[in-house]
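A short worksheet on the structure shown next.
All of the numbers you see were taken from the coordinates with simple rules; none came from a lab. In this text the structure is predicted, and so the values were computed from the model without any measurement. Because the Cβ atoms are built from the backbone with ideal geometry, glycine has one as well, and the counts that use them run over all protein chains shown.
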Amino acid sequence: MRHYKFSSAAIALCMIACFTMGSVPSVSASPPTLVPVTITAVFDFSTFPDVTGTFTTSGALTISGASTMHVELNYNGTTAHCVVTLIAPNGNIIIHQQCQFATSPPKGRWEIVSGTGAYANLNGNGSLTMPPNTEAMTGFIYLH
């Protein structure tokens, strides 16, 4: 009988604990604010696949400076993976691009994958078109 009372008390305490925990409001982070950004980089492709140029931004970022890009084409040249480095006064921004050349102008996607200095925690992504000698990126910067 004593064992039965102990088991009943333990079950009752567990049920109370479960219902109590269920009523605690959960804390969730608010979603990031999306701020439009345009990044335009112009390159000299005479040193392909490692090219240099300049960039300007507008919207969420208003910076300009030098830029580099390493281009890796697939085996038949229809797609490419590019790594763009924007060299700004307060740090660098590293962008990965996935590009396809089946359209005119070519197009793709971009994503900020890392940064240094003032841009160490920067996040963003978007779409991209590639008119001659230009990487025209539009998208969003995520402010937390």
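Values computed for the structure shown
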| quantity | calculated |
| --- | --- |
| Amide proton proximity set for L61, modelled H, under 5 Å, gap of 5+ | T38 |
| Difference of contour (0.36 nm per residue) and Cα-Cα distance, A136 to N74 | 20.2 nm |
| Inter-label distance, nm, simple model (7 Å from Cα along the C-beta direction), L143/T129 | 2.7 |
| Using θ = phi - 60° and Karplus 6.51 cos²θ - 1.76 cosθ + 1.60, couplings along region 39-54 (whole Hz; Gly, Pro as x) | 10, 10, 10, 10, 10, 9, 8, 5, 10, 3, x, 10, 10, 10, x, 9 |
| Rh by Kirkwood over Cα pairs, then Stokes-Einstein D for region 28-141 at 0.692 mPa s and 37 °C, µm²/s | 229 |
| Efficiency of FRET from Cβ geometry, S30 and V83, R₀ 25 Å, rounded to 0.05 | 0.20 |
| Calculated from backbone phi, Karplus (6.51, -1.76, 1.60) coupling profile of region 119-131 in Hz, x at Gly/Pro | 10, 4, 10, 6, 10, x, 6, x, 9, 8, 10, 10, x |
| Distant-in-sequence amide H partners of G115 (H built 1.01 Å from N, under 5 Å) | I94 |
| Built amide H within the under 5 Å cut-off of L122, gap 5+ | none |
